[in-house]
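Comments concern the structure below.
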Amino acid sequence: MDQIEREAMDYDVVIVGAGPAGLSAAIRLKQLDPDLSVVMLEKGSEVGAHILSGAVMDPVGLAALIPDWKERGAPLNTPVRRDEFRVIGEGGDMRLPNFAMPPLMSNHGCYIVSLGNVCRWMAEQAEALGVEIFPGMACSEIVTGENGEVKGVVAGEFGRNSDGTPGPHYEPGMILNGKYVFISEGVRGSLAKQIIARYALDAGSDVQKFGLGMKELWQIDPARHREGTVTHTMGWPLGGNAGGGSFIYHMENNQLCIGFVVHLNYQNPYLFPYMEFQRFKHHPLVAHLLEGGERVAYGARAISEGGLQSIPKTAFPGGVLLGCSAGLINVPRIKGIHNAMHSGRQAAEAAHAAIAAGRAGDELNDYDQALRSGPVGRDLKPVRNVKPLWSRYGLLGGLSLGGIDMWANTLTGWSPFGTMKHGKSDAEATGKAAKFRPIDYPRPDGAISFDRLTNVAYSFTHHEETQPCHLKLADPDIPVKVNLPEYAGPSQRYCPAGVYEFVDGGEEGPVFVINFANCVHCKTCDIKDPSQNITWTVPQGGDGPNYPNM
């Protein structure tokens, strides 16, 4: 840490990130002991600003935290009424019968929600209990104690010049210390990444795997809207180029959430995930829904896909990892909100017991054990092989074998495959350009499909452009000298916001340009860059997407 003088404030628990995991932890802490001091720091301009509407939520995590959530007015307004799984080709589709799907894949009993609004409602519950919530406060550094434990974070630093020096209106931020620090930044958070490396938390786990999820929110023709309908698809247009699929959720008020996930272990560096998403929307199944409608928002984020075997140790000296910071997504269900809430609640219970016993700054190993043996572990264990089977055997083989494995786990608690390994990281999986052909993508029509920069405007992202670039290159020469000639410059395609480009520098040759103001904080560059040369860090607080309150 640098030598800048900062004021410090002490709390019982410091929580980084106001998503469902962090909010659940804050609420549970105050339920257990109203006298505990709890502070929550959120980098978005408000709670929910970095969470785009449209998710299917299993309410079990919320019910365990707030049993009377219905009476309290939680915004779970649209129960799932129709559940569809389809395999699609370029011109048609085939619906898979629901009876053939393992029961754990059913969405009945779940709700289509605006997760941003759920988090805003949870923040109201937390504040009513006495939790202090500070939005617009990016946490840029961890603070360690004498014994190497995490004892706090630096938050709220503003006003550095582009070269990193303090500007005329520089604010150094504050140090917020806690007996325990909870990290709930979401997928591939900058502090979580540092902590996992510092304490070797992933030494006993498999490599983490990721997907890139892109999402648009549409207002559609009421005649085409079927409130409560959930559709998941696999197949076209990705085919054998990559694993992935789509989700289509008919929300309330004639809103449609349409999303597309591309597994980031694809080999062909010419693959363009954003353009695969735009091409997908022209399938007759989808185009019919969107015709005459209006796109109102766009966003993207990475999704953890490693499952049970990729969860790192979640307790470290002085704190814990929560939710997507630990990688708790159930991949075939495309759900993680319930597990995030479970993790926050269990971490709070472990911290409350430790503080009551006079402890501070040690490892909350009871939390790690409860996470693996409790509802989160039970949710993830039956599906642990779905991702590696898909990666190894492709769509049809993975679908068939994954289904057999889930049924076997459901009926007997046993897997014929044991626990499979993932193999290479997503960055290592990227192949050399010489082994692949470029992919020709159709031009967006401006009605159903859109160019990338036009869509980024609908993320309402903003970054103060005089600050330092928050996308750090370990070696500034690698993009042009290595990634461009060997991998055809994949950053110009894998980024869903058009942050990276190679421009003609005349006699000097290609120049690598980082348009960091476009960034929607998906973290894909930190994950997929084949040279692992890019590190995503937090910009100053309040910057990034500002998704609409819908």
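The values are calculated or read from the model by the stated rules, or taken from the named source; none is laboratory data. Remember, predicted model here, so these are calculated numbers, not experimental data. As a convention, Cβ positions derive from the backbone with ideal geometry for all residues, glycine included, and neighbour counts pool all protein chains shown. To get the accessible areas, we keep the full protein, side chains included, count just its heavy atoms, and leave off ligands, DNA and RNA. Shrake-Rupley method; radii C 1.70, N 1.55, O 1.52, S 1.80 Å.
Key figures
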| quantity | calculated |
| --- | --- |
| Surface accessible to a 1.4 Å probe, per residue, for the residues of region 174-300, Å² | 29 |
| Charge dipole (region 322-459, unit charges on Cβ, about Cα centre) - positive-most of 389, 339, 350 | 389 |
| Accessible surface, per residue, of region 2-142 when the full set of protein chains is kept, probe 1.4 Å, Å² | 39 |
| Kirkwood hydrodynamic radius of region 130-203, Cα pairs, Å | 13.9 |
| Sequence-separation-based contact order of region 7-51, relative, with Cα cut under 8 Å and 6+ spacing, percent | 47 |
| Cα-centred dipole magnitude for region 137-241, charges only on beta-carbon of K, R (+1) and D, E (-1), debye, nearest 20 | 260 |
| Cα gyration tensor, region 6-54 - rounded (a/c under 1.5), prolate or oblate | oblate |
| Surface accessible to a 1.4 Å probe, per residue, for the residues of region 458-497, Å² | 45 |
| Accessible carbon and sulfur surface of the chain relative to its total accessible area, %, 1.4 Å | 51 |
| Order of exposure, largest accessible area first, which applies to 101, 94 with probe 1.4 Å | 94, 101 |
| Distant alpha-carbon pairs in region 495-550 (separation over 13 angstrom), percent | 68 |
| Most to least accessible of 486, 127 (protein chains only, probe 1.4 Å) | 127, 486 |
| Relative contact order (percent, whole number), the chain, Cα cutoff 8 Å, 6+ residue spacing | 20 |
| With eigenvalues of the C-alpha gyration tensor scaled by 5 and rooted, region 196-275, Å | 32, 18, 10 |
| Shape of region 309-396, Cα gyration tensor, a/c cut at 1.5 | prolate |
| Counting all C-alpha pairs of the chain, share separated by more than 36 Å (%) | 30 |
